[in-house]
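Undergrad: Sharing a structure below in structure tokens format, with a few things to ask.
Here, each number is a calculation from the coordinates, and none is a lab measurement. All values reported here derive from a predicted model rather than from experimental measurement. As a convention, Cβ positions derive from the backbone with ideal geometry for all residues, glycine included, and neighbour counts pool all protein chains shown.
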Amino acid sequence: MDLAAAKVIGAGLAAIGTGAAAIGVGFVFGSFLQGALRNPGAADGQQGRLFIGFAAAELLGLIAFAVAMIILYAV
């Protein structure tokens, strides 16, 4: 296998994290909505944790994207 093929395969594997981040964001918002529907009075107190979970999931997706781009163009 030559270097160009290995770079493309490696970048594709690293980009899987971007899709996993989308699944994580959906899980965070789905869990918040489920909890808010069960106890609407506590939803306002949990909104800060919602945004922290969203930011953490998005950060992992951006890191995966950055790693994929580094593998493609810097190596």
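Undergrad: Of all residues being among the hydrophobic types (A, V, I, L, M, F, W, C) and more than 17 Å from residue 21 (Cα to Cα) in the stretch 31-70, which is surrounded by the fewest Cβ atoms within 10 Å (Cβ to Cβ)? Just the residue, please.
TA: Only one residue fits best here, namely 37.
Undergrad: Also, I was wondering about something else. Identify the single condition in (1) touching a helix residue (DSSP H, G or I) at 6+ places or on another chain (Cβ under 7 Å); (2) under 30 Å from residue 7 (Cα atoms); (3) without any contact (Cβ under 8 Å) to a residue 12 or more places away in the chain that residue 43 does not satisfy, given that it satisfies every other one.
TA: (2)
Undergrad: Continuing with this model, one more query. Look at residue 37 and say whether it is among the hydrophobic types (A, V, I, L, M, F, W, C), in contact with a Phe, Trp or Tyr (Cβ under 7 Å, 6 or more places away or on another chain) and farther than 25 Å from residue 74 by Cα. Please lay out each step first, then the result.
TA: Numbers: among the hydrophobic types (A, V, I, L, M, F, W, C): yes; in contact with a Phe, Trp or Tyr (Cβ under 7 Å, 6 or more places away or on another chain): no; farther than 25 Å from residue 74 by Cα: yes.
Considered against the rule, which asks whether it is among the hydrophobic types (A, V, I, L, M, F, W, C), in contact with a Phe, Trp or Tyr (Cβ under 7 Å, 6 or more places away or on another chain) and farther than 25 Å from residue 74 by Cα, residue 37 comes out as no.
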